Amino acid sequence: MIKGDSLKRVLYIDLTKKRFWIEERDELFSKYIGGAGVAIKLLEENCPNDLEPFSPDNPIIFAVGPLNGLFPIASKTVAMFKSPHTGNLGESHAGGRSAIAIRMAGYGAIVIKGKSERPVFVAIHGDKVFFRDATTLWGLEESAGRIIRNREGGAGLRTIMRIGPAGERLISFACVTLETYRHFGRLGLGAVFGSKNLKAVLISGKKDLSVTDFKEYRNLYSELLHQLSESEKMKKYHELGTPTNVLPLSFSKGIPVKNLLENELKGIENISGEKFAQKHLGRRVACAHCPVACIHLAALRKAYEDEPYFYRTVYLSYDYELIYALGSMLGITESEDVLKLIEVVEDMGLDAISTGVVLAWITEAFKKGVINQKQTEGIIPEWGKVDSFIELVRKIVYSETEFYKDVARGIDYASSKYGGKDFALTYGKNEMPGYHTGAGAHLGYLFGARHSHLDSAGYAIDREAMTKKLSPEQLAEKILNEEQWRQILSSLVICFFGREIYTPEIVIKCLKLAGFNLTEEELLKTGREIYANKYRFKIKAGFDIENLTLPKRVFETPSSLGLINKDFVYKAIALLKENIKSLL
Amino acid sequence: MKKQKYFFFHLQFKIITCYNFIMPVFVKDSDKCVGCLICMFTCAQAHQAAGLESSCIKVRSQGGISRGFSVWVCRGCEDPPCARACPEDALIVRKGGGVLLKEERCTGCGYCVKACILDAIGWNNEKNKPVICIQCGECAKSCPYKVMEFVRK
Ligand code: SF4
Ligand code: SF4
Ligand code: SF4
C-alpha cells in the first residue's frame, strides 16, 4: 500500500450509541488486500460464532480494495455479515456508485454495529458521519431513496443504499438497493439493516489517490480502458447485457423452467435479451468507473385502468438472473409480465433470485397438495400467471399468517416444515441461480462460499465439459482454483465481468502501481487463505460441511450436459470437501 | 430502424443548439451518457492526478438515474466570469476562449469556482487551488459513448 493511502482507514459506526471512530489497519490491508479478504477478517473480529444474525452485535461490513478508484471496472463493494437466511457467512457484492464513494470518502472499510432505538439513516460525508432520524421514511417503498436524494449533499458522486418493506419486516432474503437499480441481493443484508432499524446509508466523498508511477499508471489505464471498451470479451455485457444468455442457454437446455420440472419453455423467445432490448430498453447506465454499462433499464408503460389517457412509465433494470427467476422459472413468457413482477420485487426490496425460486416452490407444492388454499389465503398459483405471483410477493412481505412467515425464511425452512424438500432448489440454504448446465454449476453453488453462480462460474466449466469430458477430480480442481482466484478479484474489488481482462499478470501490474508488490504465487496463496478464512467462519457458524447434498430435482431433469450422474457428483463432493478441510 | 432515426433527429437538434461554442470540447448528446465517470477520471489524469478531486468535468444524474445524466464541462467563455471573479488576477483569459491559471498569484479563495455556474472548475485540496480546464480533450476522447466531441481549431 502506498504510504498515506486512505485505504487502510476503517470507519466504525455504533448505531446504539450514535458514535463513530476511525482505526488505521495497515496490517489488515497489506496482508489481505481489501474487499472480501479484509471483510472476512473484520467479520471474524466483530462477529462471535454463536451470534444471532438479528443480534444488534451482528456487524455490517463494507469493504473496497486498492484498485477501486484507480482502474476501470474496479467498481464493486463487498458486504459481509452473518446471514439471517443461512445462519452463516453472508456475503454480497454490489456496484452502483458504492465502491467509488467509499474510496473517495477516504475509507477502505466500514463496520456498522449496534441497533438504533428509532429508524435511522446514516449519512457519511468524507470524515463526517451524521445520524439522521428516519422515522418518516420507515414503511416507504421506493420513495425513501428519492427523499434522501433530495435532502442530502454530494450529488453525483455518492451512493445511497436503502432497504424496502421486506428489510424492515426482516424477510430473510431482503436485499439492499443502491442507486435504485443495483443490489446487495443475496443472503439477506436487507433484513440485517432492518433489524438495526437502519433504513439507509449514504456515502459521499471526493479525493485524489496516489500511484507509484504516474506515467505507467496512465499507460496501463488507457490500455485497460481500451480493452474494456473494444474487446470481444466484453461485447455481450456491453450490447444486450447478461440477458443475451437467455436464448443460448435455453437452446442448450440450461435455463431452469417451472421449478426445474422442465428444461424447455414454449415462447421463451418472448423473454429473450433481444426481445427485451427491442421492446423495452429505455436507457443503459453504468456503475461508477465502468465503461461497459451493462445495466439495462426497461421503460414499462402502464395505463391507469380507471382513467383514460393517463399513463405512468417506470424504469426497471433487468438482467439474466431476473429473467430466469421471475420468468422461465415461473413459466412466464411475456416480457411485460416479467417486468411487472420485477417491479413489485423492487418495491418490496427482495432478492429477486430467491423470490423467484420461492414462488416456484410454492407453485409446485400447491400443485402437489403439499400446501393448499388455506395456507396461501386463497391465492391459486399457476405457471405463467403473473397476477397471482404479484399477490404472493406482497403476501410474503406483509402477511402475518404462519405460512407466509415461514416462506419468508426461504424454502429450505419452509420445505423442512411442510414437505417438498425434493424439489426445494437450495444450496447451503440459498436458492438456486439460473444455470442448469451440468454438474459444474450445481457444485459451484454448493461449494462457493456464498452459494452464488458468481462464485466459481461452474457453468463456464460445464461449457468446457461439452467438448472435453472431465473427471470428478478435474472438476473439483477447476472449481477450487476458480474460487480461489475469485477471492483475489473480489478483494480488489473488480467486477467479475472484467475477469478475462484482469488476468493475474495485469492484476500484479495494477497492484504494483497501488503500492503492493506481490508475485503471482503470493497472490494465489492469499486467495487460498481468504477462501479458507471464509470456510472457517462458515463452519464455526454452523455450516454443515459433512452433509452437503444437492436437491433431488437436479438429477431428474436433464441439463445441458444431459442427465447429471449422481455417483459422479457425489464423488466430486467428497473430493471438494476433503480439499477444503485440508485448507482449514 | 425507427429508433435510430429518432436518435439521429435528436442529435441534430443538439448540435444546432451547441455549435456556437468556442471551446474545443462540447457536449453533443448527454442523453447517451451512461454515468460511468470515465471522463472525470481521465480529466484528473490530465491534471496529473488519480481520483476525482482534480477533475474539472462533472457528471451528475438528473435526479435519479432513470432520468439520465448531465455533463458539465468548461465552455471556454469569451468573457469568462471565473476570471472576472478572481480578485488576484490569477486567471488569464486565453485567446480563443478559456482561461489559464497563474498559480503563484492564486490565494485559493475559491471565488472562481462559485462564479462558474457550469461547475466546470475542479479543486486540488492539497494545493488548495482550483483546477482549470486546459482544453485538452482527454475527456471527450476517453468517453466510451462519444457523448462529447473534441474539435481543435
Ligand atoms: S460491467 Fe456492469 S456491473 Fe460491472 S461495473 Fe460495469 S456496469 Fe457495473
Ligand atoms: S478538456 Fe481536458 S481539462 Fe478540460 S474537462 Fe476535458 S479532460 Fe478536463
Ligand atoms: S465518459 Fe461519457 S458516458 Fe461516461 S460519464 Fe463521461 S460523458 Fe458520460
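Values in this text are rule-based calculations from the coordinates and carry no lab data. Treat the numbers as computed from the prediction; the structure is a model and nothing was measured. No Cβ is skipped: glycine too gets one built from the backbone with ideal geometry, and neighbour counts run over all protein chains shown.
Points worth noting:
- For the pair B:S70 and A:E117, label points projected 7 Å from Cα toward Cβ lie 4.3 nm apart.
- Span per principal axis, largest first, for the Cα atoms of segment A:76-164 (Å): 36, 30, 23
- When each of the peptides A:372-379, A:93-100, A:290-297, A:527-534 is scored by the mean number of other C-beta atoms lying within 10 Å of its residues, the order from highest to lowest reads A:93-100, A:290-297, A:527-534, A:372-379.
- Global form of segment B:15-129, assessed from the alpha-carbon gyration tensor, a/c cut-off 1.5: oblate
- Spacing of the two label points (7 Å from each Cα toward its C-beta) at A:E45 and A:S30, in nm: 1.5 nm
- Across segment A:378-454, Cα-Cα pairs farther apart than 14 Å form 68% of the total.
- Taking every DSSP bridge with both residues inside the protein assembly as shown, close to 85 percent are antiparallel.
- Gyration tensor (alpha-carbon) shape descriptor, chain A, a/c threshold 1.5: rounded
- Listed residue pairs exceeding 30 Å between alpha carbons, taken from A:K275/A:K552; A:K302/B:K28; A:K76/B:K146; A:K31/A:K128; A:K302/B:K141: A:K275/A:K552; A:K302/B:K28; A:K302/B:K141
- Overall form of segment A:430-583 per C-alpha gyration tensor (a/c, 1.5; a/b vs b/c): prolate
- Peptide B:58-67 is shielded by partner chain Cβ atoms: per residue, an average of 6 of them sit within 10 Å of its Cβ.
- DSSP beta bridges in segment A:9-204 [antiparallel fraction, %, rounded to 5]: 75 percent
- Karplus 3J(HN,Hα) series, Hz, for segment A:69-83 with 6.51 cos²θ - 1.76 cosθ + 1.60 (x for Gly, Pro): x, 9, 10, x, 6, 7, 9, 10, 10, 9, 10, 10, 5, 7, 7
- Exceeding the 31 Å Cα-Cα cut-off - candidates A:K405/A:K478; A:K478/A:K512; A:K253/A:K571; A:K115/A:K512: A:K405/A:K478; A:K115/A:K512
- Taking a straight line from the alpha carbon of A:K279, these aspartates and glutamates sit under 12 Å away, with near neighbours fewer than eight places off in the same chain left out: A:E334, A:E336.
- Considering segment A:482-532, its Cα convex hull presents a mean projected area of 3.2 nm².
- Hypothetical label at A:Y570: residues of segment A:444-485 whose amide nitrogen lies under 16 Å (7 Å Cα-Cβ projection): A:472
- Average beta-carbon neighbours from other chains, 10 Å sphere, peptide A:203-213: 4
- The stretch between A:E274 and A:N579, if pulled fully straight at 0.36 nm per residue, gains 105.6 nm over its current Cα-Cα span.
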